[in-house]
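Student: Take this structure first; my questions come after.
Laboratory data are not the source of any read-out in this text; all were calculated from the coordinates shown. This is a predicted model, so every value here is computed, not measured. Cβ sites come from the backbone with ideal geometry, for glycine too, and all protein chains shown count toward neighbours.
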């Protein structure tokens, strides 16, 4: 993806070969990764850029560098079981920022996926969203109004 489909085809093919026999490999989804793994190499080379490289994502964006430049108060709300933006990576960056004295409020909602959705995990490992977690919207409103009053559902203040 970061080469905009000019390189990397051989590396992707080696991944296909390595995991192709695994039963779970066929259930991979993601925004594009599962489809790319299932697409034949010749097709990916032909239409990959048109199909997958239209997200306008900056693949080499350095979020930590940007966070270092900011000193305004911020609210960070992290989904504890996020599959799209894993919590551990976000919390590690935020810990560095907090150690530098950045005025960041961080709340973690356990057992939630991307979008602050609670979910049921199905036998095949997929998830079915059940609702937006309790306390999320109240936290947003209270922070905007400058009057935090926890608890917010089952969230935990993270420091």
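Student: Sort 97, 71 so that the residue with the fewest other Cβ atoms within 10 Å of its own Cβ comes first and the one with the most comes last.
Tutor: Lowest count first: 71, 97.
Student: While we're looking at this one, here's another question. Calculated FRET efficiency, residue 21 and residue 84, Cβ-Cβ r, R0 35 Å, to nearest 0.05?
Tutor: 0.85
Student: Fewest Cβ neighbours within 10 Å first, please rank 33, 126, 155 accordingly.
Tutor: Least to most surrounded, the residues fall as 126, 33, 155.
Student: Among 110, 73, 123, determine the one that fluctuates most according to a GNM of the chain built with springs between C-alpha atoms less than 10 Å apart.
Tutor: 123
Student: Using only the alpha-carbon atoms, what does the range 9-52 span along each of its principal axes? Please give whole angstrom values in decreasing order.
Tutor: Taking the Cα atoms of the range 9-52, the three principal extents are 29, 21, 13 Å.
Student: Roughly how many nanometres apart are two label points built 7 Å out from the Cα toward the Cβ at residue 62 and residue 100?
Tutor: Here the answer is 1.1 nm between the modelled labels.
Student: Let me ask you something else. Which residue fluctuates the most in the chain, going by a Gaussian network model with Cα springs under 10 Å, if the choices are 111, 134, 142?
Tutor: With Cα springs under 10 Å in the chain, the top fluctuation among 111, 134, 142 is at 142.
Student: Select from 140, 120, 55 the residue whose mean-square fluctuation is largest in a Gaussian network model of the chain (Cα-Cα springs shorter than 10 Å).
Tutor: For the chain, modelled as a Gaussian network with Cα springs under 10 Å, the answer is 55.
Student: Moving to a separate point now. Please give the contour-minus-distance gain from residue 134 to residue 154: 0.36 nm per residue of separation, less the Cα-Cα distance, rounded to one decimal in nm.
Tutor: Residue separation times 0.36 nm, minus the Cα-Cα distance, leaves 6.5 nm.
Student: Once every Cα of the range 1-120 carries one equal point scatterer and solvent is ignored, give the base-10 log of I(q)/I(0) from the Debye formula at q = 0.10, 0.23 Å⁻¹, two decimals.
Tutor: After summing over all Cα pairs, the log10 values are -0.47, -1.23.
Student: How do 44, 145, 28 line up, fewest other C-beta atoms within 10 Å first?
Tutor: 145, 28, 44
Student: Now for a separate question. Translational D (Stokes-Einstein, µm²/s) of the range 63-157 at 25 °C and 0.890 mPa s when Rh comes from the Kirkwood sum over C-alpha pairs?
Tutor: Answer, rounded: 172 µm²/s.
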